[in-house]
Amino acid sequence: MTDRLEREQTGAEVAHWRLAVEALADLDTVAAPEAWRALEEYLQREVRARLAALVAGLAAEARALQQAFGSGRDLGEVRAGLLRLRTRYLRAETILDFYGDAVNSRTNPRLRALLRGFDTLAGDSLAAVLTRVGGEVPLALVYLDTGLGAAILRAGVRLWDREHPSPAAAIKLTRHNLSCPTSLLHETGHQVGHLTGWNTELGAALAERLNRRSAPLAAAWQGWAGEVAADVHAFAQAGWAPVAALANVVDGPTATVYRMRPGDPHPYPMIRVLFNVALCRGWFGAGPWDGVAAAWLRRHPPDAGDTLTRDSIAALDDIVDVCTRTPMAALRGAALGDVLDPRRVSPEALGALARQAGPSLLTSDYLRRREPLRILAHLVSRAVAEPRRAREHHDRLLTWIAALGANPAVLEPAA
């Protein structure tokens with residue numbers, strides 16, 4: 001009697017989880033149909049195909065488990081398989097919910113156009129390096145969320161089920177930084193550093209150069225190489241604009257901006273801000289970025305006994321040189337500054353672009369596709385430099401980005 005009841009209960013549980021798995025196959029319950037249609041066709045096709053493959057694999061496992069139960073397989077084996085299926089179902093559900101939330105944010109028409117514009121900018125940012133070094137450019141899917149900092153789920157990394165690769169570079173932007181969205185270029189930098197192997201090579205190069213000064217200094221910067229690479233990538237594509245956006249995100253009480261958290265891949269905030277200022281100074285000379293550094297040093301004076309901060313500040317010129325002027329095998333023997341010339345996004349170069357384009361800077365489809373990253377850098381740097389006109393600059397920037405995403409199918413590929 002007991003065996004029969006246990007078999008009946010197990011059979012009911014197997015049927016339940018098979019039904020639950022099969023219900024996942026309807027991707028229109030994951031995100032609304034109009035939200036899926038709001039994606040570019042190629043992006044919708046790829047994301048849906050990958051998610052459908054994930055569910056199909058899980059459904060095959062559920063069918064096999066039910067067949068095993070029906071054939072009289074040992075209940076202990078069936079029970080073990082059932083628990084595995086349940087765990088994999090929950091992981092798959094997490095993946096589907098993640099992409100569903102990202103896609104569903106596009107049901108609002110204005111936000112839809114804005115996010116499609118950010119998709120386009122992210123793709124252009126990725127292509128700027130990857131096409132030059134022979135890499136494949138992954139798809140990008142941008143979404144909005146809460147919090148202080150942006151984030152990325154890199155394309156190709158194993159997802160929560162530990163088997164299926166992410167179908168796109170899913171990039172989170174935060175609402176508070178929409179008027180200064182250069183974090184997008186930091187996150188695409190993570191994808192570039194991962195795909196090219198630049199992160200690892202940069203870490204080794206930093207360690208080699210800084211070991212001449214001190215082993216603890218070299219070890220710290222080698223450990224930060226992935227975040228440093230992403231910051232350099234954003235700088236080379238947007239000039240000094242990322243400095244202000246970064247300072248807004250990482251500021252806090254003085255004790256916090258000097259705190260090194262064990263295992264944190266980011267330089268602590270004070271050093272990170274000063275490094276970003278040093279990038280600008282090393283390529284552009286003196287400028288408004290120096291004011292950011294001066295304000296931070298007044299607000300958060302360093303402790304005389306803080307050896308790592310003192311040694312890092314002394315080494316900033318070396319660090320900038322390694323990051324931007326040292327040839328890297330990951331970049332086909334070129335330095336990052338040769339692949340992405342920061343001088344093209346200097347204040348002078350961006351001002352010249354705006355003067356030459358005149359009123360067409362924000363209306364020309366041609367310029368949107370030929371110079372999208374430089375126009376973004378110009379608009380954001382103007383907003384940072386003129387805080388009294390913040391609302392005007394905010395509206396102008398978002399209108400331009402929405403126009404970029406309104407009809408990208410007719411636009412020519414960026415050079």
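The values are calculated or read from the model by the stated rules, or taken from the named source; none is laboratory data. The structure presented is a predicted model; accordingly, all values stated were derived computationally and were not measured. No Cβ is skipped: glycine too gets one built from the backbone with ideal geometry, and neighbour counts run over all protein chains shown. In case anyone asks, the SASA skips ligands and DNA or RNA and just uses the protein heavy atoms, side chains included. Shrake-Rupley method; radii C 1.70, N 1.55, O 1.52, S 1.80 Å.
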Test: residue in the range 265-285 that is more than 29 Å from Asn211 (Cβ to Cβ), β-branched (Val, Ile, Thr), assigned to a helix (DSSP H, G or I) and touching a residue at least 24 places away in the same chain (Cβ under 8 Å): no
Residue list for the range 69-78, filter: surrounded by fewer than 16 Cβ atoms within 10 Å (Cβ to Cβ) and either part of a helix (DSSP H, G or I) or touching a Gly at 6+ places or on another chain (Cβ under 7 Å) (or both): Gly70, Gly76, Glu77
Residues satisfying the stated conditions in the range 346-370, i.e. part of a loop (DSSP other than H, G, I, E, B) and at pLDDT below 95: Thr363, Ser364
Test: residue in the range 176-185 that is over 29 Å from Glu40 (Cβ atoms) and open to solvent by 10 Å² or more (accessible area, probe 1.4 Å): no
Odd one out for Gly117 among (1) open to solvent by 10 Å² or more (accessible area, probe 1.4 Å); (2) touching a residue at least 12 places away in the same chain (Cβ under 8 Å); (3) within 21 Å of Leu184 (Cα to Cα): (1)
Every residue from the range 200-216 that is crowded, with 24+ Cβ neighbours inside 10 Å and under 15 Å from Ala315 (Cα atoms): Leu206
Matching option when the condition is under 28 Å from Ala113 (Cα atoms) and in contact with a Lys or Arg (Cβ under 7 Å, 6 or more places away or on another chain), among Ala31, Ala62, Ala49, Ala35: Ala35
Matching entry among Ala140, Ala220, Ala168 (being open to solvent by less than 20 Å² (accessible area, probe 1.4 Å) and more than 28 Å from Leu397 (Cα to Cα)): Ala220
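Here is a yes/no grid of residues against (1) open to solvent by less than 70 Å² (accessible area, probe 1.4 Å); (2) farther than 25 Å from Pro269 by Cβ:
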position	(1), (2)
Arg299	no, no
Asp303	no, no
Leu308	yes, no
Asp318	yes, no
Val322	yes, no
Ala329	no, yes
Ala334	yes, yes
Val339	yes, yes
Val345	yes, no
Pairs with Cβ under 6 Å, 6+ apart, first in the range 292-315 and in contact (Cβ under 8 Å) with a residue 40 or more places away in the chain and closer than 29 Å to Val384 by Cβ, second among the polar types (S, T, N, Q) and open to solvent by less than 70 Å² (accessible area, probe 1.4 Å): His300/Thr254; Pro302/Thr309
Test for Arg50: is it open to solvent by 20 Å² or more (accessible area, probe 1.4 Å) and either among the hydroxyl-bearing types (Ser, Thr, Tyr) or in contact (Cβ under 8 Å) with a residue 40 or more places away in the chain (or both): yes
Residues satisfying the stated conditions in the range 225-249, i.e. open to solvent by 10 Å² or more (accessible area, probe 1.4 Å), of a type in the set (A, V, I, L, M, F, W, C) and at pLDDT 95 or above: Trp240
The lone exception for Leu111 - which of (1) open to solvent by 50 Å² or more (accessible area, probe 1.4 Å); (2) free of Cβ contacts under 8 Å to residues at least 60 places away in the same chain; (3) of a type outside the set (Gly, Ala, Ser) it fails: (1)
Test result for Ala92, more than 30 Å from Ala329 (Cα to Cα), open to solvent by 10 Å² or more (accessible area, probe 1.4 Å) and more than 19 Å from the chain's Cα centre (by Cα): no
Among the residues listed as Asp318, Asp395, the single one being more than 30 Å from Ala220 (Cβ to Cβ) and either under 22 Å from the mean Cα position of the chain (by Cα) or among the acidic types (Asp, Glu) (or both): Asp395
Selection from the range 108-148 of residues that are assigned to a strand (DSSP E or B) and of a type in the set (Ser, Thr, Tyr): Tyr143
Residues that are open to solvent by 20 Å² or more (accessible area, probe 1.4 Å) and touching a residue at least 12 places away in the same chain (Cβ under 8 Å), drawn from the range 365-377: Asp365, Tyr366, Arg368, Arg369, Arg370, Glu371, Leu373, Arg374
Identity of the residue in the range 24-42, assigned to a helix (DSSP H, G or I) and open to solvent by 60 Å² or more (accessible area, probe 1.4 Å), that ends up modelled with the lowest pLDDT: Tyr42
